[in-house]
Protein chains: 2
Amino acid sequence: MISDRVLRELTNLLGPENIVTRRDDLIPYASDATHLSYMPDAVAFPGNAQDISRILVLANQEEFPVIPRGGGSGKSGGALPVRGGLVLSMDRFNRILLIDPINLIAKVETGVITSVLQEEVEKLDLFYPPDPASIKICTIGGNVAENAGGLRAVKYGVTRDYVLGMTAVLPTGEIIKAGVETAKGVVGYDLTRLLVGSEGTLAVITDVILRLIPKPASTRTMMALFHTVSAAVETVSEITRHKIIPTALELMDRLCIDCVRSELGMSLPPQCGALLLIEVDGDKALTKREAERIREICLQSGAMEFMAASRKREAEKLWEARRNVSAAVYKLRPDKVSEDVVVPRSRMAELSSFLDALGRKYNLSIAAYGHAGDGNIHVNILFDKNAPEETRKVDEVVRELFRKVLEAKGTISGEHGIGLTKAPYLDMEMSRPAIELMARIKLAFDPKGILNPGKIFPYRS
Amino acid sequence: MISDRVLRELTNLLGPENIVTRRDDLIPYASDATHLSYMPDAVAFPGNAQDISRILVLANQEEFPVIPRGGGSGKSGGALPVRGGLVLSMDRFNRILLIDPINLIAKVETGVITSVLQEEVEKLDLFYPPDPASIKICTIGGNVAENAGGLRAVKYGVTRDYVLGMTAVLPTGEIIKAGVETAKGVVGYDLTRLLVGSEGTLAVITDVILRLIPKPASTRTMMALFHTVSAAVETVSEITRHKIIPTALELMDRLCIDCVRSELGMSLPPQCGALLLIEVDGDKALTKREAERIREICLQSGAMEFMAASRKREAEKLWEARRNVSAAVYKLRPDKVSEDVVVPRSRMAELSSFLDALGRKYNLSIAAYGHAGDGNIHVNILFDKNAPEETRKVDEVVRELFRKVLEAKGTISGEHGIGLTKAPYLDMEMSRPAIELMARIKLAFDPKGILNPGKIFPYRS
């Protein structure tokens, strides 16, 4: 608990308009996309790095937790105040400071909404590729903290690949610059990439320098239907074998298709067991040829149907349906645990058979969709919280899934991070010496453990 | 000094055939591409990660320095045993363990020569883009340790962008896996990217998982001549403004041109003051159009001449000449200090005028060449070690250069690292809190400071 004296000090620091302590006002900051809920003691709205520095100095002195928060759209609980304390809302860090078409960089405060930045850079015919499904509500800071991916990662990579430098406030209050504003730089340890994906546990990032690229001249969206997930993912390998790297290569299984069927804007044959959404972009003549080649490959690999979106609106409808899958699967059961596993592309068919067997074994619905081009599958285990016989099984299902994924040389999280919800499983993937090394790194940044405690590490520190 | 007792222990550990202590045999391991020289006490040739683990445990116990070494082609002294100790040659880690065309990865031991890996992957129509000029002698491990760049970084990025995961031996002896074997992964802190570019000071990396991409279908090489460096670098900005990202966009100034004139295989007009070597790659029709567009842009921007290499051999000759510049500038003076600065693309003309004035002010020849597409210019300050009036000036020239580069929002090292030779200047770019944070990270890995001491940090630890 933060004492009244400390709350008064925070109020003096930030002004009464920038601190919230009323219980009703705190509720929106208690939860995120995980649907879990932990009440903070207060929420602060700092206006600049100096404010954050002062807050962190006070937090060290008084030993209360500080939890940075972007759009609250995280899927592993990174922004949840699990031990109470002060939520640090980055809402006021909402300025795009620079978009530079010659040096191909943007300088952006971390509270900027990802889609807002994308729209601004596209006005200058530039492109910022990372596109998590929550793009309209998530922030650049949250994307950086979680190293967010998205649909276009197959071709363009993830958030990490676009962060060149940053301003960050260390847990002990020092404000540092890391990285560069140029295309290259190798000065000292790569603090920039260490902070990318550190889930708000090592520093509070206040602005970032992002790399931009030219906007692709054209885009083509296609959809292929298959009888089975295995046939669909074998097609993904086949596309790769032909040296084509699409912009996006998304999979939905039968359960997911059923949940968004009405949104796709076309009738699908009932025997359709899997769907691939495929996008290519770039030079107009080239995308035309690639699309033709992909059509051939899909049909040769046993696609039941293949459609090319002829209009922008048709394509947008498909992508909108894809982005809605995560929410739509609640039609199946009231609750879900959503995993974010990755396996090598060549082992997706094996994973798919495994998921079928797993669902049968535990008598639970398991819906799979996601970034098949990366081997990154979002596995949704559906259940009802009020049915204890279902709830009891979920952890064991997750553990079986992770064991399989790791045996297949995969990873337990492709783009959602570890945060709170995956922390109990971290040691399935990482060895004790590696986790202990990470704990020493945490200590090097945050000796009192005040910044976002209770995240990532499986053992209570 | 490593005592005879400890040398006997090392010999027992590795076998007498894998340890060298005779002074004559040590000489090749005393220096690198910096031409500096520091004698080690011994050189070890470990055969696997367990060997390295045992050596490091012994080094902690007996407190002697261990210095990992790849090809010895580093330009900042990263492999030099400045405090004596044991050089750890990675020569025996020379196996390519896997090239997987479906999952687009290679698994490689870190002693593999970079060009050997490239040739092997190209046999499968795959591509590993990073291409430092030392490509025929440098190793993947050295590239990873220094985060090496190269000519193709403009379009394809640097070594960091291709490392997905690794096996590393911590200075305290634990063998860890970091990162993933898949396209994506966000499990725990990004130890992989922290180790990339850590210059052999945090861990000994024994194998890496590298990302591959499809081999571009075609390549076109062009050369444009300009009266001045300013005109050449303005053309670079102009190409970017037209949303073309060439594979390589290399600059040579008049002094560099003079040094490789005979190797270019064509006569250049005497009034030629700068040269751009330009490469585009990808789809055949697209590269043809891009090459035409680049020709127009060059001529509109005042190029004196523009030539397209019509044959592969002609293009190879140009690139060979480019790779030889670093050595060829010794024709001007017997010694040089080679800097590796980066400025924003838009400020290269300003840097060029500054270098002219700097050379005049100090009456020293300054030859500039490098990766203009990235703003990454290798500035060679030429002098004669035996002329004290020249030697005295060099450090001041470097400091003036770095002040200018930093004022222009640039960085003092784009791809060569800090190592030994740039360590005295680190605090010109990084603040004290950032350097102290790095020192705490070093301590978290290497509490006794046995791994590659005397590198990166400007203060003696």
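The values are calculated or read from the model by the stated rules, or taken from the named source; none is laboratory data. Since this is a predicted model, take the numbers as computed values, not measurements. Note that each Cβ is placed from the backbone with ideal geometry, even for glycine, and that neighbours are counted across all protein chains shown. We work out accessible area using only protein heavy atoms, side chains counted, and drop any ligands, DNA or RNA first. Shrake-Rupley method; radii C 1.70, N 1.55, O 1.52, S 1.80 Å.
Over all residues in B:436-449, what is the mean tally of Cβ atoms on other chains that come within 10 Å of each residue's Cβ?
Working: counts 4, 14, 4, 2, 6, 8, 2, 3, 10, 4, 0, 1, 0, 0.
The mean count of partner-chain Cβ atoms within 10 Å per residue comes to 4.
Does the stretch B:419-461 classify as rounded, prolate or oblate by the C-alpha gyration tensor (a ≥ b ≥ c root eigenvalues; a/c under 1.5 gives rounded; else a/b over b/c gives prolate, otherwise oblate)? Cα axes put the stretch B:419-461 in the oblate bin. Whole-Hz Karplus values for the stretch B:372-382 come out as 4, x, 9, x, 9, 10, 8, 9, 9, 9, 9 Hz, taken residue by residue from phi with 6.51 cos²θ - 1.76 cosθ + 1.60 and θ = phi - 60°; glycine and proline positions read x. Close amide H pairs (under 5 Å, H built 1.01 Å from N) link A:Ser365 with A:Leu382, residues at least 5 positions away or on another chain.
Measuring from each Cβ of chain A to the axis that turns chain A onto chain B, the shortest distance belongs to A:Arg193, 2 (residue, then whole Å). Sorted from nearest, the other copies put their A:Met266 label points 5.0 nm away, the label point being 7 Å from Cα in the direction of Cβ.
Pairs exceeding 23 Å between alpha-carbon atoms, taken from B:Lys136/B:Lys312; A:Lys409/B:Lys136; A:Lys288/B:Lys284: A:Lys409/B:Lys136.
Of all lysines in the structure, the ones whose alpha carbon falls short of 22 Å from that of B:Lys385, not counting any fewer than 8 places away in one chain, are B:Lys75, B:Lys331, B:Lys336, B:Lys361, B:Lys393, B:Lys422.
Overall form of the stretch B:218-326: oblate. Here a/c, set by the Cα gyration tensor axes a ≥ b ≥ c, is 1.5 or more, and a/b is not larger than b/c. The accessible area of B:Arg95, taken with all protein chains in place and a 1.4 Å probe, comes to roughly 130 Å². Near B:Ser3, once Lys and Arg are set to +1 and Asp and Glu to -1 for all other residues with Cβ below 12 Å from its Cβ, the sum equals -3.
Rounded, prolate or oblate: pick one for the stretch A:314-411, where a ≥ b ≥ c are the square roots of the eigenvalues of its C-alpha gyration tensor, a/c under 1.5 means rounded, and failing that, prolate if a/b is larger than b/c, else oblate. Could you put the intermediate results ahead of the total?
On the way: a/c = 2.34, a/b = 1.09, b/c = 2.14.
Here the stretch A:314-411 falls in the oblate category.
Across peptide A:367-379, the average count of Cβ atoms from other chains found within 10 Å of a residue's Cβ is 1.
The HN-Hα couplings worked out from phi for the stretch A:151-164 by the Karplus form 6.51 cos²θ - 1.76 cosθ + 1.60 (θ = phi - 60°) are 5, 8, 5, 3, 8, 9, x, 10, 3, 3, 6, 10, 9, 9 Hz, whole numbers, x standing for Gly and Pro.
Estimated at the nearest 10 Å², the accessible area of B:Met304 is 50 Å² with a 1.4 Å probe.
The orientation-averaged projected area of the convex hull spanned by the Cα atoms of the protein assembly as shown comes to 37.8 nm².
Between this copy and the others, label points of B:Arg241 are 4.8 nm apart in ascending order, each placed 7 angstrom from Cα in the Cβ direction. Among the residues of B:344-350, the average count of other protein chain beta-carbon atoms within 10 Å of the residue beta-carbon is 3.
Residues whose amide H comes within less than 5 Å of that of B:Val163, counting only those at least five positions distant or on another chain, are B:Arg211 (H built at 1.01 Å from N in the peptide plane).
Using the Karplus relation 6.51 cos²θ - 1.76 cosθ + 1.60 with θ = phi - 60°, the per-residue 3J(HN,Hα) values for the stretch B:208-214 come to 9, 9, 10, 7, 10, 10, x Hz, with x marking Gly and Pro. For the stretch B:172-194 and the stretch B:403-461, write down the distance between their C-alpha centroids in whole Å. Result: 23 Å between the Cα centres.
If the limit is 26 Å between Cα atoms, which of A:Lys184/A:Lys215; A:Lys184/B:Lys448; B:Lys107/B:Lys448 go over it? List each step's numbers first, then the result.
Numbers: A:Lys184/A:Lys215 21 Å; A:Lys184/B:Lys448 32 Å; B:Lys107/B:Lys448 31 Å.
Checking Cα-Cα distances, A:Lys184/B:Lys448; B:Lys107/B:Lys448 exceed 26 Å.
Amide H contacts under 5 Å for B:Gly419: B:Ile456, restricted to partners 5 or more places along the chain or on a different chain, H placed in the peptide plane at 1.01 Å from N.
Roughly how large is the B-A contact in terms of buried accessible area, totalled over both chains, probe 1.4 Å, nearest 100 Å²? Don't skip to the end; give the middle numbers.
Numbers: alone 20180 and 20150 Å², together 33930 Å².
Buried area (both sides, nearest 100 Å²): 6400 Å².
Using only Cα atoms, what is the ratio of the radius of gyration of the stretch A:251-298 to 2.2 N^0.38 Å? Could the numbers behind the result be given before it?
Details: Rg = 13.5 Å, N = 48, 2.2 N^0.38 = 9.6 Å.
Relative to the rule-of-thumb radius for its length, the stretch A:251-298 sits at 1.41.
In this assembly of identical copies, the label point of A:Gly47 (Cα plus 7 Å along Cα-to-Cβ) is separated from its counterparts by 6.8 nm, sorted shortest first.
In percent, rounded to a whole number, the relative contact order of chain A is 15, using alpha-carbon pairs under 8 Å and six or more apart.
Think of each Lys and Arg Cβ as +1 and each Asp and Glu Cβ as -1; about the Cα centre, that makes the dipole of the stretch B:117-272 roughly 400 debye. Net charge in the neighbourhood of B:Val233 (other residues with Cβ under 11 Å of its Cβ; Lys, Arg +1, Asp, Glu -1) is -2.
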